[in-house]
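Reviewing the structure listed below.
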Amino acid sequence: MFTPFESFGIKFRNQILAPPTKENLANHRGIVGGEMVRHYSALAKQGVGTMLTESAFVARQGKMATGQLGISEEEHLEGLEKLVKAIKKEGACIGIKLSHAGARTSEEVCGENPVGPSLYNFGRDFDLSRDFDEGDIEEIILHFVHAAERAQEVGFDFIEINGGDQLLLDQCFSVRFNNRDDDYGSETIENRLRLTCQIIQAIRDRKSVSIPISYYFSIFDKMEDGFSITDLHETLELLEKSGVDIFHPFAVHVMNRCFDSEESLLELIGLNTERPLVADGNIKSPQVLLEVLNIDKVQWYVLEKTLLARPNWFNFLKKKVADQEK
């Protein structure tokens, strides 16, 4: 876990991944500033092998908050490149999470009527969305492709498509937010994943983008609406076919069981794919880390706010795990 390894031709100094523990550190246009560079550099200095940025909006219409990181315009490139160089100077690798807010925003923030799979209002701080049409779909796909190109241009080691957090791609995937009756809706997994797969396939087909593609998602909220283990198998198959290199499933606790089985979501995914996995979900102790170590195909272990809350906790954890592995 704490030794160097190579994956996708990239050398990682260890298997620990630090997620975005603070968000909205950019300026009002989404440009990286000194506070963001200092925040991520401080985590990298602890010895973390890989950094993952907060969700970066791929288009102004997909911006979800003032101060959110952006990767939608050429003006974002200089700051992003500065961030990448600062992290790599500390010896860590870095990826960027690409997102579109969909209906989970407001006209005040994104500059226009929010667009999602269906009409929806997330609450008082948001506006009622309109449902996307064929022209919107083409634009959204291109927004993600161009963002991926910018990510590679400034030196990110990988990109992660945000298919969770109730943002656009999660809205499409969920029967709660998607009540369309066309090829991008209904109750079929293939239709609800269609936009996601088209985005990933379009990025994969772009010759200017060769860095790995990770996919972040969660299914526990969808289980309440009938999402089954068969649906999970189909989801993984469709995402693999579209070009996903890494699966990053999220759970409230990484070892929570699901589908009335003895296995966790991470274990079930590991049994049904050859793709490497990211273990994520309330990993705060050496005991949990050691338990997750037994799951096949896991290459990265996400440590959350504990890295900020306890100085030198990374080195403490490293020693504890080494002692218990003896």
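The values are calculated or read from the model by the stated rules, or taken from the named source; none is laboratory data. Everything quoted here is computed from the prediction, not taken from an experiment. Cβ placement follows ideal geometry from the backbone for every residue including glycine, while neighbour counts extend to all protein chains displayed.
Observations, loosely collected:
- Of everything in the stretch 284-305 that is of a type in the set (Val, Ile, Thr) and within 13 Å of residue 16 (Cα to Cα), the residue that is surrounded by the most Cβ atoms within 10 Å (Cβ to Cβ) is 292.
- Residue 267 more than 21 Å from residue 174 (Cα to Cα) and buried (at least 20 other Cβ atoms within 10 Å of the Cβ): yes
- Residue under evaluation residue 165, criteria (1) more than 14 Å from the chain's Cα centre (by Cα); (2) touching a residue at least 12 places away in the same chain (Cβ under 8 Å), criterion not met: (1)
- Matching residues in the stretch 147-159 - criterion: being within 13 Å of the chain's Cα centre (by Cα) and surrounded by fewer than 24 Cβ atoms within 10 Å (Cβ to Cβ): 158
- Scanning the stretch 69-116 for residues being of a type outside the set (Gly, Ala, Ser), in a loop (DSSP other than H, G, I, E, B) and crowded, with 24+ Cβ neighbours inside 10 Å gives a total of 6.
- Among all positions in the stretch 271-286, there is at least one residue which is in contact with a Gly (Cβ under 9 Å, 6 or more places away or on another chain) and either in a loop (DSSP other than H, G, I, E, B) or modelled with pLDDT of 95 or more (or both).
- The set of residues in the stretch 168-212 being of a type in the set (Lys, Arg), surrounded by fewer than 18 Cβ atoms within 10 Å (Cβ to Cβ) and free of Cβ contacts under 8 Å to residues at least 24 places away in the same chain consists of 207 alone.
- Residue count, the stretch 292-307 (criterion: part of a helix (DSSP H, G or I) and either within 19 Å of residue 247 (Cβ to Cβ) or of a type in the set (A, V, I, L, M, F, W, C) (or both)): 2
- Verdict on residue 301 being under 27 Å from residue 99 (Cβ atoms), touching a Leu at 6+ places or on another chain (Cβ under 8 Å) and of a type in the set (Ser, Thr, Tyr): yes
- Residue tally, condition outside any helix (DSSP H, G or I) and in contact with a helix residue (DSSP H, G or I) (Cβ under 7 Å, 6 or more places away or on another chain), over the stretch 138-161: 4
- Consider the stretch 38-66 and keep the residues that are modelled with pLDDT of 95 or more and assigned to a helix (DSSP H, G or I). The one that is nearest to residue 17 (Cα to Cα) is 62.
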